[in-house]
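What follows is a short report on a single structure.
The values are calculated or read from the model by the stated rules, or taken from the named source; none is laboratory data. This structure is a prediction, so every number in the text was calculated from the model and none was measured. We place every Cβ from the backbone using ideal geometry, glycine too, and count neighbours over all the protein chains shown.
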Amino acid sequence: MNERIINELIESFGKLLMAGLKVSLPLTIASFSAGLIIAFLVALAQIAKVPVLRHLVRVYVWIIRCTPMIVQLFIVYFGLPSIGIKFNSFVSAWLVMSLSVGAYCSETVRAAIQSVPVGQLEACYCDGLTFWQGMMHVIVPQALRTAFPPLSNSIIGLVKDTSLAYSVALVEILATAQRIAARTYDYFWLYLEAGLIYLIICSVLTVIQSRAEAALERRR
Amino acid sequence: MISVKNLTKDYTKADGNHIRVIEGLNYEIEKGEKIVIVGPSGSGKRTFLRCLNLLERPTAGQIFFDGEEITAKGTDINKVRQRMGMVFQNFNLFNNLTVMQNLTLAPVKLKVMNEKEAREKATELLKRVNLLDKADVYPASLSGGQKQRIAIVRSLCMNPEMMLFDEPTSALDPEMVGEVLDVMKQLAEDGMTMVVVTHEMGFAREVATKVLFMDEGILLEENTPEEFFEHPKTKRLQDFLSKVL
């Protein structure tokens with residue numbers, strides 16, 4: 001490792017970090033937010049036994065979980081344009097990742113909701129509250145607490161999954177590293193640096209997770 | 001006030017077989033009455049209670065509340081439940097909410113009162129059970145007796161016309177039973193219509209207007225507390241009383 005490489009790495013560090021903060025992280029947050037909403041709707045449709053919908057969401061979860069994300073990305077980014085539907089790289093990645101989070105986290109959310117003792121909902125009923133009011137104010141807040149660690153797992157996993165968007169021409173962390181390395185041929189160091197950026201972002205998220213968990217614990 | 005006609009409840013077991021937990025039960029509860037239901041475990045007394053506010057759907061039969069058939073299709077059961085409080089063996093306070101939020105959630109969400117009125121009502125009731133200092137704590141930090149008194153107060157916040165009690169003292173440490181029974185006695189004196197499933201024979205004797213004995217899904221005997229405890233008619237009740245008294 002000579003001085004040239006050190007200088008190059010210092011210079012590229014800023015670029016990779018910016019790619020992380022401007023592309024990968026926003027993609028993560030946007031996908032996770034949308035995915036979480038989907039996850040709750042999917043879980044509640046099953047728990048509330050909404051006719052028809054409860055079966056449709058099972059099909060959705062089945063398809064998303066049983067096909068690779070990179071194939072889904074290719075279908076949306078390279079496939080859909082042939083039938084006239086065009087999304088740019090970011091929107092394609094956001095769409096696919098939201099649907100993925102929605103499918104995987106729906107199981108987490110469903111298990112968490114079902115782990116809340118049935119008496120809590122019965123007590124809501126006895127106060128005259130409806131199923132949805134009980135869910136909203138009593139059951140889901142308690143389920144979120146249970147679901148928090150596994151959901152944190154999912155968001156950290158998602159940060160790393162955003163690297164798959166490289167394949168649909170999104171210039172995120174990995175693509176940025178690849179572009180610099182293509183010029184300088186320092187693939188080893190640049191990819192190592194890309195790994196370091198993911199490590200930093202995910203470490204920060206891990207710290208946030210443990211802080212947040214401690215804060216939730218204090219509210220008991 | 002409540003009229004139960006030919007109530008039957010079957011459960012489907014995991015193996016697909018049906019078991020009958022209540023068989024053709026008829027009963028009338030008048031306003032202001034304090035009905036205590038006793039019986040061995042598995043006698044159907046709890047299921048009977050839970051049918052009254054439709055936490056359990058009867059398999060057959062009808063239940064009328066103030067003349068309205070609540071077992072009829074299309075009844076707004078949430079409206080009915082607003083007028084009928086229930087207290088559980090396991091308290092079931094909302095664990096994610098403070099005591100005050102537990103008390104005000106339903107009245108405010110159901111627009112029975114506004115936030116300010118609900119807080120005033122809750123404060124007044126908390127004072128009555130000597131728990132005003134617990135208004136801002138979460139249920140996890142309360143003792144069983146405190147939880148149950150709060151649970152009673154939570155029901156009262158909805159101004160119910162009657163209260164159902166499902167073994168309210170069975171999950172309590174012995175030294176906390178008294179404080180909960182005292183609140184219930186107070187409630188009885190205030191004229192509340194009550195239906196209580198309990199093993200507290202002292203409470204039944206002291207407070208009940210009628211005591212019911214259920215066994216194997218059948219309402220076997222019903223009488224005033226004096227007659228019920230002093231002159232039990234059936235052999236089954238005599239056996240039961242000899243074991244619990």
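Scanning region B:156-169 for residues that are over 21 Å from residue B:29 (Cβ atoms) and either in contact with a strand residue (DSSP E or B) (Cβ under 6 Å, 6 or more places away or on another chain) or away from chain A (no Cβ under 14 Å) (or both) yields a count of 1.
Does any residue of region A:124-137 turn out to be charged (D, E, K, R) and in contact with a helix residue (DSSP H, G or I) (Cβ under 6 Å, 6 or more places away or on another chain)? Within region A:124-137, one or more residues are charged (D, E, K, R) and in contact with a helix residue (DSSP H, G or I) (Cβ under 6 Å, 6 or more places away or on another chain). Exactly one residue out of B:173, B:136 is surrounded by fewer than 21 Cβ atoms within 10 Å (Cβ to Cβ), touching a residue at least 12 places away in the same chain (Cβ under 8 Å) and either within 14 Å of another protein chain (Cβ to nearest Cβ) or aromatic (Phe, Trp, Tyr) (or both): that is B:136. Pairs meeting the criteria (first residue in region B:144-155 and within 12 Å of chain A (Cβ to nearest Cβ), second residue among the charged types (D, E, K, R) and crowded, with 23+ Cβ neighbours inside 10 Å, beta carbons under 8 Å, at least 6 apart or on different chains) are B:154/A:127; B:155/A:127. Can you work out which of the residues in region B:42-59 that are among the hydroxyl-bearing types (Ser, Thr, Tyr) and within 17 Å of residue B:5 (Cβ to Cβ) is farthest from the other protein chains (Cβ to nearest Cβ)? For region B:42-59, the residue satisfying everything is B:59. Scan region B:60-102 for residues that are of a type in the set (Lys, Arg) and more than 13 Å from chain A (Cβ to nearest Cβ) and the total you get is 1. Counting only strands (runs of 3 or more DSSP E) that fall entirely inside region B:1-97 and contain at least 2 residues that are under 30 Å from residue B:136 (Cβ atoms), the qualifying elements are B:84-87. Among the residues of region B:13-24, those that are closer than 29 Å to residue B:245 by Cα and surrounded by fewer than 23 Cβ atoms within 10 Å (Cβ to Cβ) comprise B:20, B:21, B:23, B:24. Selection of region A:24-55 for residues being within 20 Å of residue A:192 (Cα to Cα) and modelled with pLDDT under 95 yields an empty set. Checked across region A:42-55, the condition of being in contact with a Phe, Trp or Tyr (Cβ under 9 Å, 6 or more places away or on another chain) and in a loop (DSSP other than H, G, I, E, B) holds for at least one residue.
What about residue A:58, is it more than 24 Å from residue A:195 (Cβ to Cβ), among the charged types (D, E, K, R) and in a helix (DSSP H, G or I)? Yes: the conditions hold for residue A:58. The condition of being modelled with pLDDT of 95 or more and either among the polar types (S, T, N, Q) or within 13 Å of the chain's Cα centre (by Cα) (or both) holds for only one of B:101, B:82, that being B:101. Here the helices (runs of 4 or more DSSP H) wholly within region A:105-207 that include at least 2 residues being within 14 Å of chain B (Cβ to nearest Cβ), touching a residue at least 12 places away in the same chain (Cβ under 8 Å) and of a type outside the set (A, V, I, L, M, F, W, C) are A:140-161. Within region B:133-150, how many residues turn out to be closer than 20 Å to residue B:120 by Cβ and part of a helix (DSSP H, G or I)? Total meeting the criteria: 4. Here region B:139-170 is the region considered, the condition is being more than 20 Å from residue B:56 (Cα to Cα) and of a type in the set (S, T, N, Q), and the residue that is surrounded by the fewest Cβ atoms within 10 Å (Cβ to Cβ) is B:141. Can residue A:96 be described as surrounded by 19 or more Cβ atoms within 10 Å (Cβ to Cβ), within 26 Å of the chain's Cα centre (by Cα) and more than 9 Å from chain B (Cβ to nearest Cβ)? For residue A:96, the condition - surrounded by 19 or more Cβ atoms within 10 Å (Cβ to Cβ), within 26 Å of the chain's Cα centre (by Cα) and more than 9 Å from chain B (Cβ to nearest Cβ) - is met. In the set A:48, A:43, only one residue is buried (at least 21 other Cβ atoms within 10 Å of the Cβ) and under 19 Å from residue A:139 (Cα atoms); that residue is A:43.
Among the residues of region A:79-89, are any without any contact (Cβ under 8 Å) to a residue 24 or more places away in the chain, surrounded by fewer than 18 Cβ atoms within 10 Å (Cβ to Cβ), part of a helix (DSSP H, G or I) and in contact with a helix residue (DSSP H, G or I) (Cβ under 9 Å, 6 or more places away or on another chain)? Yes - at least one qualifying residue is present in region A:79-89. For region B:103-120, the candidate set comprises residues that are farther than 21 Å from residue B:80 by Cα and touching a helix residue (DSSP H, G or I) at 6+ places or on another chain (Cβ under 9 Å); within that set, the residue that is nearest to the other protein chains (Cβ to nearest Cβ) is B:115.
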